[in-house]
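The next block holds one structure in the form of structure tokens; read it before the comments.
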Amino acid sequence: MPHQDEAVLAVGVPEAARRLGLSSRTVATLIARRELPSRKVGRRRIIPVAALEAFIRHDHSLGQVTPLQSVEGIKNEE
């Protein structure tokens, strides 16, 4: 078990799905489509936490990066 001060760099498919609010099957599909980077380690597939964060910031339907404020429903004041 990691210490509290250690940052987790990568997670498995079930944890990635939980963090994204998706099913494990959907995460596996995203990996197969190469929309979500992953790496195979033995029998396990891991996804970098940074890749999850980048995935959330990216609007896949438009192929554009979406400001995080608009994703969270916060008005972007300019």
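Yes/no matrix, rows are residues, columns are (1) modelled with pLDDT under 95; (2) assigned to a helix (DSSP H, G or I); (3) surrounded by 10 or more Cβ atoms within 10 Å (Cβ to Cβ):
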residue: ALA17; (1), (2), (3): no, yes, yes
residue: VAL27; (1), (2), (3): no, yes, yes
residue: ARG45; (1), (2), (3): no, no, yes
residue: ILE56; (1), (2), (3): yes, yes, yes
residue: SER61; (1), (2), (3): yes, no, no
residue: GLU78; (1), (2), (3): yes, no, no
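Filtering the range 1-15 to residues that are assigned to a helix (DSSP H, G or I) and either touching a strand residue (DSSP E or B) at 6+ places or on another chain (Cβ under 8 Å) or crowded, with 17+ Cβ neighbours inside 10 Å (or both) leaves VAL13, GLU15.
The values are calculated or read from the model by the stated rules, or taken from the named source; none is laboratory data. If you're wondering where the values come from, they're calculated on a predicted model, not measured in any experiment. All Cβ positions, even for glycine, are placed from backbone atoms using ideal geometry, and neighbour counts span all protein chains on display.
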